[in-house]
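The values are calculated or read from the model by the stated rules, or taken from the named source; none is laboratory data. Nothing here was measured: the structure is a model prediction, and the numbers come from that model. Note that each Cβ is placed from the backbone with ideal geometry, even for glycine, and that neighbours are counted across all protein chains shown. Protein only, heavy atoms only, side chains kept; ligands, DNA and RNA dropped before computing areas. Shrake-Rupley method; radii C 1.70, N 1.55, O 1.52, S 1.80 Å.
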Amino acid sequence: MTTEEQLKTYAAYLPYELDGTFTDLPKGNSFRLTGIERDWNDGIEEIKLIGVPGPYGGHTADADLFKPILYDLSHFEKYFAKLFDTDIDVRTFLNEGFITEENQFESISDMINNYKVEWWPYGVIQLALRHHFNVFRIPAGGFIDKATLKTESND
């Protein structure tokens, strides 16, 4: 990800207590993302992420070294069906106030699979961020799947 993409991605999750690991520390470390610093190193902008104390105390490191713990979007409908205790469709999201127009999308899976997050209704974006979904589509290997707690790979 570019510096600007990192800033946009991680800043969106800040209010929602995103957990992750830093790859420059021993395996199994866990931190809650609490802040972002912009830094200039020899004229090159760097994004540093700040994690609150875990077993290793507080930590600040380059954003490239952070692996957030997120749900893959493939879990979206199943997760919210369980949360709302009903099948998830556009009407459910309309009734819950996350979508304002019923005909905005053919289905929830249509929205997830065929539209960039910028086109999603604001309420759905906030809901997905709050529940730690990979709405910005961080590539496989760049995040840990919260459903399985395994690092996704490109294999």
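If you check A81 against the conditions, is it surrounded by fewer than 17 Cβ atoms within 10 Å (Cβ to Cβ), in a helix (DSSP H, G or I) and modelled with pLDDT of 85 or more? Taking the combined requirement at face value, the residue does not satisfy it.
I'm trying to understand the selection: among the residues of segment 25-76, which are among the acidic types (D, E) and either in a strand (DSSP E or B) or buried (at least 17 other Cβ atoms within 10 Å of the Cβ) (or both)? Lay out the reasoning, then the answer.
Kept after step one, since they are among the acidic types (D, E), are these residues of segment 25-76: 37, 39, 42, 45-46, 62, 64, 72.
Result: E37, D39, E45, E46, D62, D72.
In a residue-by-residue description of segment 88-96, the property of being in a strand (DSSP E or B) and open to solvent by less than 30 Å² (accessible area, probe 1.4 Å) applies to no position.
When the criteria are applied in full, E46 fails the requirement of being at pLDDT 85 or above, out of contact with any Gly (no Cβ under 7 Å at 6 or more places or on another chain) and among the charged types (D, E, K, R). Among the candidates F31, F22, the residue that is of a type outside the set (S, T, N, Q) and touching a helix residue (DSSP H, G or I) at 6+ places or on another chain (Cβ under 8 Å) is uniquely F22.
I want to confirm something. Restricting to segment 1-24 and keeping residues that are within 21 Å of Y71 (Cβ to Cβ) and among the charged types (D, E, K, R), which single residue is surrounded by the most Cβ atoms within 10 Å (Cβ to Cβ)? Applying the filter and picking the extreme gives D19.
Select from segment 121-135 the residues that are open to solvent by 10 Å² or more (accessible area, probe 1.4 Å) and part of a loop (DSSP other than H, G, I, E, B) and write down the one among them that is nearest to R32 (Cα to Cα). For segment 121-135, the residue satisfying everything is H132.
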